[in-house]
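K.L.:
Before I ask anything, here is the structure I am working with.
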Amino acid sequence: MKIKVLVTISSLVATTLLAVDSPPVGGAAPDFSLTDAKGKTHSLSEYKGKYVVLEWFNKDCPFSKKHYVTGNMQKLQTAWTAKGVVWLTVISSAPGTQGYVSAAEENDYMKQMNAKPTAALLDPDGDLGHLYGAKTTPHMFIIDPKGMLIYNGAIDSTSSPDPADIPNSTNYVNAALSEALAGKPVANPATNAYGCSVKYKK
């Protein structure tokens, strides 16, 4: 299954739809083509041979804020992209809702927060979000170099918006990438994502 969505603005919406089920861990990750906040189109197939992280994001969600105001997400982005991992932040909120941003606003926010993803993908129609069954912000997916989904779930083990909980939590994404790049199986390939519901169109 392949979708192609060309968008020039990013949108974050305050109404929610039930997301479809995510593709199964261990199965092929669905291909997609989507435009980022700088106008460049990215497809999963172009990153074959690399690990890819998909991070669903809403700048106004306290659960997403938790990992940005502390620099936790930026630290992960910087560390793993330096090792060749492709990190794609995805914004699936619809226009007029919580977290909706234009491309310019998203670029300004990423600069302000010193965020270091490979790209911020704009998904205001929710096509990519529904394709992966993204339910929360954050909701994290990891795809291996063969295009197989090896992780789906929460960023860490503490479902709280409190930044003080980060040091005492197990970061599932960091652990999964560390294991995978060391040639080991991912110990926790599926966890329950927590956070704000993705603000899909009605």
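K.L.:
Report yes if some residue within the range 126-135 is under 18 Å from PRO62 (Cα atoms), modelled with pLDDT of 95 or more and either exposed (fewer than 15 other Cβ atoms within 10 Å of the Cβ) or within 13 Å of the chain's Cα centre (by Cα) (or both); otherwise report no.
P.N.:
For the range 126-135, residues under 18 Å from PRO62 (Cα atoms), modelled with pLDDT of 95 or more and either exposed (fewer than 15 other Cβ atoms within 10 Å of the Cβ) or within 13 Å of the chain's Cα centre (by Cα) (or both): present.
K.L.:
Among what's in the range 103-125 and is over 21 Å from ASP31 (Cβ atoms) and touching a helix residue (DSSP H, G or I) at 6+ places or on another chain (Cβ under 8 Å), pick the residue that is surrounded by the fewest Cβ atoms within 10 Å (Cβ to Cβ).
P.N.:
Per the criteria, the residue is ASN114.
K.L.:
Also: Would you point out which residue out of VAL198, VAL186 is touching a residue at least 12 places away in the same chain (Cβ under 8 Å), among the β-branched types (Val, Ile, Thr) and over 19 Å from CYS61 (Cα atoms)?
P.N.:
VAL186
K.L.:
Would you tally the residues in the range 23-43 being part of a loop (DSSP other than H, G, I, E, B) and either among the acidic types (Asp, Glu) or farther than 15 Å from GLY129 by Cβ (or both)?
P.N.:
Residues that pass the stated criteria total 8.
K.L.:
Moving on. For the range 148-179, how many residues are assigned to a helix (DSSP H, G or I), more than 14 Å from the chain's Cα centre (by Cα) and surrounded by fewer than 19 Cβ atoms within 10 Å (Cβ to Cβ)? Show your work before the answer.
P.N.:
From the range 148-179, those assigned to a helix (DSSP H, G or I) are 163-168, 172-179; that's our starting set.
From what's left, more than 14 Å from the chain's Cα centre (by Cα): 163-168, 175-179.
Now drop any that are not surrounded by fewer than 19 Cβ atoms within 10 Å (Cβ to Cβ), which leaves 163-168, 175, 178-179.
Total satisfying the criteria: 9.
K.L.:
May I ask you to list the residues in the range 119-159 that are under 23 Å from LYS38 (Cα atoms) and either free of Cβ contacts under 8 Å to residues at least 40 places away in the same chain or of a type in the set (D, E, K, R) (or both)?
P.N.:
Listed by number, the residues that qualify are ASP123, ASP125, ASP127.
K.L.:
LEU121: closer than 23 Å to TYR194 by Cα, at pLDDT 95 or above and over 13 Å from the mean Cα position of the chain (by Cα), yes or no?
P.N.:
No, not satisfied.
K.L.:
When residues of the range 117-147 are filtered for being polar (S, T, N, Q) and in a strand (DSSP E or B), how many remain?
P.N.:
2
K.L.:
May I ask you to list pairs of residues, at least six apart or on different chains, whose Cβ atoms are under 7 Å apart, with the first in the range 96-107 being assigned to a helix (DSSP H, G or I) and the second being modelled with pLDDT under 95 and surrounded by fewer than 19 Cβ atoms within 10 Å (Cβ to Cβ)?
P.N.:
If the second residue must be modelled with pLDDT under 95 and surrounded by fewer than 19 Cβ atoms within 10 Å (Cβ to Cβ), the pairs left are ALA103/THR8; ALA103/ILE9.
K.L.:
Could you tell me how many of the residues in the range 6-39 are at pLDDT 50 or above and either in contact with a Pro (Cβ under 7 Å, 6 or more places away or on another chain) or of a type in the set (Asp, Glu) (or both)?
P.N.:
Residues flagged as at pLDDT 50 or above and either in contact with a Pro (Cβ under 7 Å, 6 or more places away or on another chain) or of a type in the set (Asp, Glu) (or both) within the range 6-39 amount to 7.
The values are calculated or read from the model by the stated rules, or taken from the named source; none is laboratory data. Bear in mind the structure is a predicted one, so any value in this text is a computation, not a measurement. In this analysis, Cβ positions are derived from the backbone assuming ideal geometry, glycine residues included, and neighbour counts consider all displayed protein chains.
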